[in-house]
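Working notes, structure below.
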């Protein structure tokens, strides 16, 4: 069998076997106990040529409704945003995407500097002092923040708002289980975290208080109050944040956050059926040495030139082994690069303009729904999501919308039983006025 | 090569320039001060760069030229499997029906994506010899932790609350013990014997009623096959423990032996190693976990199942360890791995391992006269040399690594595994030609000669890179972890 990924020729093979001093490749596998040697061939689908493979995969991809073929109003943590075309051109430079973790800095200055710039941009948006080089996603990043808080405070309880993404909360609980940390949920009050409840729940065993800003329902909470409650109790205040919203909102770092986490997916990263996205993790100075994952720092070479290296590695698993507080090794470097390019392209002006478009279009949609007689529940200010009470079962409605070329919103009844029949609708800058009007009309259509 | 400082994107920024293009707002603009409560309207804008599209493209192109990837040249980084990343995989992952699909869409609208995931799971079941596979874990370490959480839940479901110890060889990767800790388990180290394999007598000594699992990489990090694996499985299973297979080195054994047949109960795979997901400068990866029947009830939620010819996510799993990641894993990387498996087929995957092992043994034999070879037997897909002989002449393994940069080669993994003095772990992979291997061998032989005749040239390397050796001590003592604008009064360093 010849294959375009395998350069070995018969004459290569012979010369190499001779140099080794064996008669066959099989001899090199003689240390595998005979009893367990695999004596048949894998039962896999037959190999495909490049042409046939692309045909088959295109057909599979074609079975899915996507946000190019449909107008998507689905958010809930993953968004259809403007992706500047240069993002894909940069991350397609194979010096970046075929490289490993930059363990040899002289050979990896490009990647190291790009990560340093990513760290800097995340600090700018979040108002935090230090950001790491990325985490798997927003959910595991929040879980790691909880573990950091428990380790730092030596306390064993986390309070997490029910207005935090339900799947993020689930991930936090699984990590907490491993570490024998209790997780209690702070109830909701009109779609926002009930701070009075927080006040009564917090106690001397509370390591951290976790909120989302804007929260899962799109509501912009005044999290300063939660920060004060946490700090009076010497608990860490942890904020999960959509970084795009921070272009116009007071950053968590200015509102008392000790740790800010989230997902940079809104910046140039495709939805990709849920991953890979790009978690970010940012902290105050005092927590610098507790950060999980890789950090890039600036330094100089022997001739005094500026350069970048992985630093403070004594925190990490390859040095500390079982004493490490996180096991993270690979991260989402390429997606951090994508986010950096998108943040550079949008730049200081573009992130504001894009965030403002999200808010303005969402306000327009809220008005349109209200005018059509829908109840828009929760009265607080919205970023790019809001909740509508629907007139028919949400799953039926969404299937109907698909036929009309629309990907509808998230069915909140799936994770909030009290919100059965409610839909979380996301309106990004990608949606036109006509598409918003069409959504309202199609939802109305059942009455016609 | 240029030797000047490379400007940061912030340093090329100029007020008033833009690099984006948004449509005109087609609805009335919202007055933010009217919408937001007091104190929540951002006062100071985030100081992101202001640059034109060309400025940005040039900046990142310049950075890419200061970086070495597999497409730039040979990258024999041991235990990382730096093989060629096929371009058709990239095209596949960018198909709109994969790239622009939302994870929370109605299942009926994503059957193609779910079908691909299901088929990939089935292929990985066959390749590993396990009974079921989940694609949820985002990376190898995430997979290790996921599987350990499942093993822990299995023991607890059996009322076995005292199985808290995970046995890990001293040659193991650092994520193994760290994953055990994060799963709330304690690490017990088992020693290697003089042949570089797990010391069976020491294993017998450390196992017991408190053993939750043994974590093993096979072939191990020395590139040697643990030929006593069946006896080890018997020992661990004999006391009621589980066997965990770290799939970092699966590239050595495809089509030759399967973890499931060797007695392993759980396995993680690194799709970004064996199955050509690009390493991306550190990620994203994908670390699916495969398990035997007994562990299936504990799989993370949701589990992808096929019902009446349709694919669906099953959340009704009462014994599940819970959710380990939002959504369903790193789908984009899984698409690439699927494209690779379908490109190779069964025969192709077997050849992958045969050629990876042939290449490694060839290099090992040709380099053995010039460097110390601590474990002199057939290796699998990688091998470890020791720089002891060179160290006696004043040249350390670090120096050898830096000197290789001058030849345009990425160095091997160095100082790992920890049980080899001045170790150099070399993994050529099957996608490299004999000519490339020979060029690297020649460079190594030349460096060995330089070490004897002209050690300064090695000690002072690299000579041709865009920077010379960097001061890592300074970086750690006075950490500068972000760009600080010169006009601000903030100190440059954070302490």
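Laboratory data are not the source of any read-out in this text; all were calculated from the coordinates shown. This one's a predicted model, so the numbers in the text were calculated from it and none came from an experiment. Positions of Cβ are generated from backbone atoms using ideal geometry, with glycine treated the same way; all protein chains shown enter the neighbour counts.
Some notes on this structure:
- Under the criterion of Cα pairs below 8 Å and six or more residues apart, the relative contact order for the range A:85-341 equals 27 percent.
- Restricting attention to the range A:85-341, close to 45% of DSSP beta bridges with both partner residues there are antiparallel.
- From least to most packed, judged by other beta carbons within 10 angstrom and beginning with the fewest, B:341, A:122 follow the order B:341, A:122.
- Residue of A:32, A:220, A:181 that the Gaussian network model of chain A assigns the largest fluctuation, springs spanning Cα pairs under 10 Å: A:32
- Put in order of Cβ neighbour count within 10 Å, fewest first, the listed residues B:246, B:399 become B:399, B:246.
- Considering only A:34, A:429, A:95, the Gaussian network model of chain A with Cα springs below 10 Å gives its largest mean-square fluctuation to A:34.
- DSSP bridge analysis restricted to chain A gives an antiparallel fraction near 55%, rounded to the nearest 5.
- Both numbers refer to the Cα atoms of chain A; Rg and Dmax are 25.3, 84 Å.
- Between the helical axis of A:166-178 and the longest alpha-carbon principal axis of chain A there is an angle of about 60 degrees.
- Protection proxy ranking, peptides B:162-170, B:423-431, A:312-320, average beta carbon neighbours within 10 Å, highest first: B:423-431, B:162-170, A:312-320
- Cβ-based exposure ranking for B:315, B:60, B:415, in which fewest neighbours within 10 Å come first: B:315, B:415, B:60
- Separation of alpha-carbon centers, the range A:135-196 and the range A:212-236, rounded to whole Å: 13
- Average beta carbon contacts from partner chains per residue of B:142-151, 10 Å cutoff: 2
- Fraction of antiparallel bridges per DSSP, the range B:88-343 only, in percent to nearest 5: 40
- The range B:109-165 and the range B:298-322 have their alpha-carbon centroids 12 Å apart.
- Pairwise FRET efficiency - residue A:389 versus residue A:9, Cβ, R0 = 60 Å, nearest 0.05: 0.30
- Relative contact order of the range B:88-343, taken over Cα pairs closer than 8 Å and 6 or more residues apart, is 28 percent.
- Note on chain A: with a GNM built from Cα contacts shorter than 10 Å, the maximum mean-square fluctuation among A:102, A:243, A:33 falls on A:33.
- Packing rank of B:444-455, B:135-146, where each peptide gets the mean count of other beta carbons within 10 Å, highest leading: B:135-146, B:444-455
- For the peptide A:114-125, the mean number of other protein chain Cβ atoms found within 10 angstrom of a residue's Cβ is 6.
- Peptide B:332-339 shows a mean partner chain C-beta count of 4 within 10 Å per residue C-beta.
- With 10 Å bins from 0: P(r) over the range B:221-338, alpha-carbon pairs, percent: 12, 35, 35, 17, 1
- Helix A:50-62 axis, angle to chain A major axis (alpha carbon atoms, nearest 10°): 20
- Between helix A:433-444 and chain A there is an angle of about 70 degrees, using the helix long axis and the longest principal axis of the Cα atoms.
- Debye intensity ratio I(q)/I(0), log10, the range A:283-349, q values 0.21, 0.26 Å⁻¹ (C-alpha model): -1.03, -1.10
- Global form of the range A:136-212, assessed from the alpha-carbon gyration tensor, a/c cut-off 1.5: oblate
- Average Cα contact separation per residue, chain B, under 8 Å, 6 or more apart, as relative contact order %: 18
- Prolate/oblate/rounded label for the range A:85-341 (Cα gyration tensor, a/c 1.5): prolate
- All alpha carbon pair distances within the range A:97-240 were sorted into 10 Å bins beginning at 0; the resulting P(r) in whole percents reads 11, 37, 31, 14, 6, 0.
- Note on residue A:182 and residue A:370: the extension gain reaches 63.6 nm, defined as 0.36 nm multiplied by sequence separation minus the Cα-Cα distance.
- Cα gyration tensor, chain B - rounded (a/c under 1.5), prolate or oblate: oblate
- Globularity ratio of the range B:88-343, using Cα Rg and 2.2 N^0.38 Å: 1.00
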